[in-house]
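The values are calculated or read from the model by the stated rules, or taken from the named source; none is laboratory data. Every value quoted in this text rests on a predicted model; they were computed, and no experiment measured them. Every residue, glycine as well, gets a Cβ built from its backbone with ideal geometry; the counts of neighbours run over all protein chains shown. Accessible surface is based on the protein model in full, side chains and every heavy atom, while ligands, DNA and RNA are left aside. Shrake-Rupley method; radii C 1.70, N 1.55, O 1.52, S 1.80 Å.
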Amino acid sequence: MATSAKILSGPVTQFGSDVRAGLCGTGPKELPSKYLYDQLGSALFEVITLLPEYGLTRADERLLRRHAKEIARLVPGPVLVSELGSGSGRKTRWILSALCQREPVSYYPIEISRAALALCESELGDVGCAGIVGVEREYLDGLREVAALRPDGVRLLVLFLGSTIGNFDSGADARFLSEVRGVLAPGDSLLLGADLVQPVERMLQAYDDPLGVTAAFNLNLLGRINRELDGAFDLRQFEHVARFNQATCSIEMHLRSKRRQVVPVRRCGFAATFAAGETVWTESSHKYTRREIAKLAVSCGFRPEAQWVDQEWPFAENLLLAV
Ligand code: AVI
């Protein structure tokens, strides 16, 4: 079938138009990494966090558990806590519990997925003194709403954990942190988790595990196109590729076409043509240096207050004060 073949099409969603733009342009093919997280993708990501090769999430949680009291001491109260991307809420309990020992705290997780918010509310329901209000919004819209709700004299503590900051394109991390800073007032804080650079082989193993869970997580994006956009991807005709990009200091995930193929995406009314060996870039995961995080924070209007680094897996928890 030629690329221009006419195919029955229905109403096109944002997902549909992003898929068309990513697969039909003249340049290298790419798909936004946020689409990796449908229900199946989110479940696969939860499994990734349990893999022996992927130490990032465990390091994040260890740091929060070990230093929660100190973090609570460094964030003067009264405080309202908001989290960008709550995930399962498992890591957040340590911080909330520590803060709640001082005074009652309200917690506003911000997520575009209602299912994730529900999971987080049930995970943290027993923390006790924390009132939990899920905010089903994009990060910045949600944060603006939460900031507008804060009573006089109450500071905001924003949690951005798990090194999601590393999934922004190069330069977009700084733009995003500057926008977060723009919503905050001087004296508010941001707790930022960031994965650090380590030997390339170890980083590659974390994104190309022998069990194939990360491969399934990546390939599921094509499965999602099949399910939601009536695509005709044969997942066995693509393979997961993880590579280290030295220039951007990122691990990249790609999907490589095993042969030349033309794949209709019927609901969007197009077909994508792949050459043998051609790749679709699906995610970048930037790895930071400790100093880079401090420089980034300062350039975005924060003062680095404290940094904790895990002993087993190079990961940094950073407490940043809005100045
Ligand atoms: C969510 N994010 C920080 C993960 C990461 O490590 O970049 C997503 C992920 N992709 C593959 N494995 C995990």
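Ligands, DNA and RNA left out, the 1.4 Å accessible surface of segment 44-183 is 52% carbon and sulfur atoms. Surface composition of segment 259-318: carbon plus sulfur atoms hold 50% of the accessible area, using a 1.4 angstrom probe and ignoring ligands, DNA and RNA. Taking only the alpha carbons of segment 1-144, we obtain Rg and Dmax values of 19.7, 66 Å in that order.
Assign one of three labels to segment 71-152, namely rounded, prolate or oblate, based on the Cα gyration tensor with a ≥ b ≥ c the square roots of its eigenvalues; rounded applies when a/c is under 1.5, prolate when it is not and a/b is larger than b/c, and oblate otherwise. Intermediate values should be presented prior to the final figure.
Working: a/c = 1.98, a/b = 1.22, b/c = 1.62.
Oblate is the answer for segment 71-152, as a/c is 1.5 or above yet b/c matches or exceeds a/b.
The residues packed around Ser285, meaning those with a beta-carbon under 10 Å from its beta-carbon, carry a net charge of -2 if Lys and Arg are +1 and Asp and Glu are -1. Mean residue ellipticity, 222 nm, helices only, the chain: the sum of -39500 (n - 2.57) across DSSP H runs of n ≥ 4, divided by residue count and rounded to 500, is -11500 deg cm²/dmol.
Rounded to the nearest 20, the Cβ-based charge dipole of the chain about its Cα centre (Lys and Arg +1, Asp and Glu -1) stands at 420 debye.
Taking the charge dipole of segment 174-323 about its Cα centre, with +1 at Lys and Arg Cβ atoms and -1 at Asp and Glu Cβ atoms, the residue from His254, Gly193, Val213 reaching farthest to the positive side is His254.
Structure remark: mean-square fluctuation, Gaussian network model of the chain, C-alpha springs under 10 Å; the largest value among Pro109, Pro199, Pro28 belongs to Pro199. Simple point charges give the picture: +1 on the Cβ of Lys and Arg, -1 on the Cβ of Asp and Glu, and for segment 154-266 a dipole about the Cα centre of about 380 debye. Projecting the Cα atoms of Phe315, Pro151, Ser97 onto the charge dipole of the chain (Cβ charges, centred on the Cα centre) puts Phe315 farthest toward the positive pole.
Convex hull volume of the Cα atoms of segment 219-286, normalised per residue: 87 Å³.
Structure remark: mean-square fluctuation, Gaussian network model of the chain, C-alpha springs under 10 Å; the largest value among Thr273, Thr92, Thr57 belongs to Thr273. Classify the chain as rounded, prolate or oblate, taking a ≥ b ≥ c as the square roots of the eigenvalues of its Cα gyration tensor: rounded when a/c is under 1.5, otherwise prolate if a/b is larger than b/c and oblate if not. Judged from the Cα gyration tensor, the chain comes out prolate (a/c at least 1.5, a/b above b/c). Rolled with a 1.4 Å probe across the full set of protein chains, the surface gives Arg175 an accessible area near 150 Å².
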